1. Mind telling me which of the residues T134, T192 ends up being touching a strand residue (DSSP E or B) at 6+ places or on another chain (Cβ under 8 Å) and touching a residue at least 60 places away in the same chain (Cβ under 8 Å)?
2. Right, A13: within 16 Å of ligand 1 (Cβ to nearest atom) and in contact with a Gly (Cβ under 6 Å, 6 or more places away or on another chain) or not?
3. Can you tell me how many residues in segment 194-245 are touching a Ser or Thr at 6+ places or on another chain (Cβ under 9 Å), open to solvent by 10 Å² or more (accessible area, probe 1.4 Å) and of a type in the set (D, E)?
4. Could you figure out which of (1) farther than 30 Å from D164 by Cβ; (2) open to solvent by 50 Å² or more (accessible area, probe 1.4 Å); (3) of a type in the set (F, W, Y) isn't true of F62?
5. Among (1) within 16 Å of ligand 2 (Cβ to nearest atom); (2) assigned to a loop (DSSP other than H, G, I, E, B); (3) farther than 14 Å from T192 by Cβ, there is one condition V136 misses while meeting the rest; what is its number?
6. Starting from residues that are within 16 Å of ligand 1 (Cβ to nearest atom) and closer than 21 Å to K78 by Cα, keep the ones in segment 19-36 and report whichever is surrounded by the most Cβ atoms within 10 Å (Cβ to Cβ).
7. Restricting to segment 87-131, give me the number of residues that are more than 13 Å from ligand 1 (Cβ to nearest atom), open to solvent by 10 Å² or more (accessible area, probe 1.4 Å) and either in a loop (DSSP other than H, G, I, E, B) or in contact (Cβ under 8 Å) with a residue 60 or more places away in the chain (or both).
8. Restricting attention to segment 243-253, and to residues there that are more than 11 Å from ligand 2 (Cβ to nearest atom) and at pLDDT 95 or above, which single residue is nearest to L201 (Cα to Cα)?
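The values are calculated or read from the model by the stated rules, or taken from the named source; none is laboratory data. This structure is a prediction, so every number in the text was calculated from the model and none was measured. Cβ: placed from backbone, ideal geometry, glycine included. Neighbour counts: every protein chain shown. Keep in mind that these areas ignore ligands, DNA and RNA; they rest on the heavy atoms of the full protein, side chains included. Shrake-Rupley method; radii C 1.70, N 1.55, O 1.52, S 1.80 Å.
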Amino acid sequence: MGDYTPTPADKFAFGMWTIGHPGRDPFGDATRPPIDPVDYVRGLADIGAWGVSFHDDDLMTFGAPESQRRAELDRFKKALSDTGIVCSMATTNLFWHPMFKDGAFTSNDRNVRRLAIQKSMRNLDVAAELGAPTYVFWGGREGVESAASKTPADALDRYREALDFLASYVVDQGYSIRFAIEPKPNEPRGDTFLPTVGHALAFIETLDHADMVGLNPEVAHETMAGLSFYQGVAQTLWQGKLFHIDLNDQKIGRYDQDLRFGSEGIKDDFMVVRLLENSGYDGPKHFDARPYRNENGDGIWDFARGCMRTYLIFREKAKEFDANPKVKQALADAGVPELAIPTVGPYSRATADELLAEKFDPETLASRGYRNEQLDQLVIDTILGA
Ligand code: GLT
Ligand code: MN
Ligand code: MN
């Protein structure tokens, strides 16, 4: 058994709003003080993390004079260079200020929409300065409570217009930044546009710079929608669109809980880690979670260490699973390798005729057992260390 101590080579990253979340919720005020961004970056380096991500407003006071914003940014940059923590992702806060109450890129107010694009352009400049390779778009306020309040096709047109404009801005400025859309079904809006991985993947295909745009799926968000995060990430990888990932945890059917990674859906989480490790995914393992509201002091760092530790445990378990001869046999018994064999191959008149002439015995086919119970028990045995 490893000691599960993370190192920067593991590429673990945390958002500025995660470990430092003050514990505010819809029913109660902050339970702990904010952390100075410089202390935050030092803390990340101390626990063996590699990267940090930020919203514009996490670093630079919204609406403050340019000189103040520059000073705030420079302090942060110095903390990065002092510690070696990299800026792994940036994003725009398009949800906190009351002006975004009707949406940002999809607000019915054209001036709010124009401001939202301007705010994103300004922070793309900062992202480029800090070397962030990925820019996330989480449309927190892009949605409705009253379905009649927006024509969905117009909202999607405006969403696309914003992303097309911003992608062209990135190209025009010569930045090496890719976009990652983060789907979420609801909260804070009653219904959100681009609610799931599937909706977002389909939307991306309509964009001018579709090749520059991928996804940032989040465990909690797909789980809220009642979907398997594992299957969502798998299809995202299959489509070459896993540009970033938000790891956390969530009980199904609840509000967005943003729990410590690996603390709830242990089986799906194990499968996700195995998938990421076996897929060659080389991006950040980014934790978008927050400590329990009743933590403070050391407790918030316990939370951060826990996210990474559980990932590393799953990584070791995944290797153990794949190396286990019993698992290899169980995979074969389940027919897993058989699914990798093409069914009919490319179409030709000859392959079509061959298939049409083939005789199948439905009774024989129906009588096959797939030994999935045995295979799944090995997943459980591995996770539980039996
Ligand atoms: C916000 C949200 C997250 C998003 C962040 C990016 S901020 O906390 O809950 O899921 O990833 O804007
Ligand atoms: Mn979330
Ligand atoms: Mn997220």
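1. Values: T192 fails: touching a residue at least 60 places away in the same chain (Cβ under 8 Å).
Of the residues listed, the single one that is touching a strand residue (DSSP E or B) at 6+ places or on another chain (Cβ under 8 Å) and touching a residue at least 60 places away in the same chain (Cβ under 8 Å) is T134.
2. Numbers: within 16 Å of ligand 1 (Cβ to nearest atom): yes; in contact with a Gly (Cβ under 6 Å, 6 or more places away or on another chain): yes.
It is true that A13 is within 16 Å of ligand 1 (Cβ to nearest atom) and in contact with a Gly (Cβ under 6 Å, 6 or more places away or on another chain).
3. Matching residues across segment 194-245 total 1.
4. Failing condition for F62: (1).
5. (2)
6. Keep residues of segment 19-36 that are within 16 Å of ligand 1 (Cβ to nearest atom), which gives 19-26, 30, 34-35.
Narrowing further to those that are closer than 21 Å to K78 by Cα: 19-20, 34-35.
Values: I19: 23, G20: 21, P34: 12, I35: 17.
Out of the qualifying residues, it is I19.
7. The qualifying residues number 8.
8. Pass one, segment 243-253, residues more than 11 Å from ligand 2 (Cβ to nearest atom): 243-245, 251-253.
Still in the list and also at pLDDT 95 or above: 243-245, 251.
Values: F243: 12, H244: 14, I245: 14, K251: 25 Å.
Among them, the one singled out is F243.
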